[in-house]
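The next block holds one structure in the form of structure tokens; read it before the comments.
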Amino acid sequence: MFLQHYNTFLEAIRLPRAQLAFSQKIDPVDIKATYRIYTKPHPRYKIIRHKTIGAALIDLSQFPDRDAYLAYIRGKNQGAYHAKRARNRGYIVRSIDRNDHIDEIHEINTSLDMRQGRPMDGKYLVKQAEFKNLQHFRYWGVISPEEKLVAYASLGVYGNFASFSHLMGVRNNDGIMHLLLSEAVCQLIDAAQVRYVMYDTFFGAQPGLRHFKTILGFRPYRATYTLQ
């Protein structure tokens, strides 16, 4: 056990660093609340902050345009490969108002009892009567050839970085989640508003989710946060 923790410590201190800045000018209430969540003590390792060690990030500054990012995740069984497969099967990504898809979102949320080896959080099992749309959030959905929502994502823009708060879809092995996430990243590159995009952390994630993040271009970082 000691050796495992020691190896984890060595891995952590070797990670590249990223300075993530929250800007209260965007939305003073939500930004401050989110900052507290990201910097609270880790649930297992109290001496570190919640989303600091192994933060799953893409440094968007390394990509001059979306084509450069797609080239970075191109290759057999890489993110762009699966995204193209979904696109060829007729799926598209578009901005959505979640209130237009309440039934479909509930169907997606309850389509599996387990995700990534864990039971679904109870909050996803309750059908929402209404969704509150925040101005600094982006909401996307994957639409099937039958014009049905089969996956959705919510992403908050917090300062010099953006972070996914929801990323959920049905399981159909068509590559819809790769399409959704890669197109969201491409749109962030197009907008040139943030330097980093975050998808939670690597440490603690199941192997399947770690692999998914990796083939979409995410890498583990040591993140530090400031509130401006």
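The values are calculated or read from the model by the stated rules, or taken from the named source; none is laboratory data. Fair warning: this is a prediction, and the values are worked out from it, not measured in the lab. Here the Cβ positions follow ideal geometry from the backbone for every residue, glycine too, while neighbour counts run over all protein chains shown.
Some observations on this one:
- ARG94 being of a type in the set (D, E, K, R) and under 14 Å from VAL170 (Cβ atoms): no
- Within segment 170-183, being surrounded by fewer than 22 Cβ atoms within 10 Å (Cβ to Cβ) and not in a loop (DSSP other than H, G, I, E, B) holds for one residue alone: GLU183.
- When the residues of segment 132-151 are filtered to those that are assigned to a loop (DSSP other than H, G, I, E, B) and out of contact with any Asp or Glu (no Cβ under 8 Å at 6 or more places or on another chain), the one that is nearest to ALA83 (Cα to Cα) is SER144.
- Residues of segment 184-228 that turn out to be crowded, with 17+ Cβ neighbours inside 10 Å, on the phi > 0 side of the Ramachandran plot and either in a helix (DSSP H, G or I) or modelled with pLDDT of 95 or more (or both), as a count: 1
- Taken as a whole, segment 36-48 holds at least one residue that is within 17 Å of the chain's Cα centre (by Cα) and within 16 Å of ARG222 (Cα to Cα).
- Some residue of segment 39-58 being touching a strand residue (DSSP E or B) at 6+ places or on another chain (Cβ under 8 Å), in a helix (DSSP H, G or I), surrounded by 12 or more Cβ atoms within 10 Å (Cβ to Cβ) and modelled with pLDDT under 95: yes
- Tabulated pairs, segment 126-137, first closer than 15 Å to SER154 by Cα and in contact (Cβ under 8 Å) with a residue 40 or more places away in the chain, second of a type outside the set (Phe, Trp, Tyr) and assigned to a loop (DSSP other than H, G, I, E, B), C-beta under 6 angstrom, 6+ apart or interchain: HIS136/ILE26; HIS136/ASP27
- Among residues that are part of a loop (DSSP other than H, G, I, E, B) and among the hydrophobic types (A, V, I, L, M, F, W, C), ALA129 is included.
- Single condition LEU179 does not satisfy, out of (1) over 30 Å from SER61 (Cβ atoms); (2) modelled with pLDDT of 95 or more: (1)
- Qualifying residue in segment 22-34 (condition: crowded, with 20+ Cβ neighbours inside 10 Å, under 19 Å from the mean Cα position of the chain (by Cα), part of a loop (DSSP other than H, G, I, E, B) and on the phi < 0 side of the Ramachandran plot): no
- Test: residue in segment 138-147 that is in contact with a Lys or Arg (Cβ under 7 Å, 6 or more places away or on another chain), surrounded by 22 or more Cβ atoms within 10 Å (Cβ to Cβ) and in contact (Cβ under 8 Å) with a residue 12 or more places away in the chain: yes
- Scanning segment 101-159 for residues that are at pLDDT 95 or above and at positive phi yields GLU147, GLY159.
- Number of positions in segment 136-168 that are over 27 Å from ASN88 (Cα atoms) and either over 18 Å from the mean Cα position of the chain (by Cα) or hydroxyl-bearing (Ser, Thr, Tyr) (or both): 3
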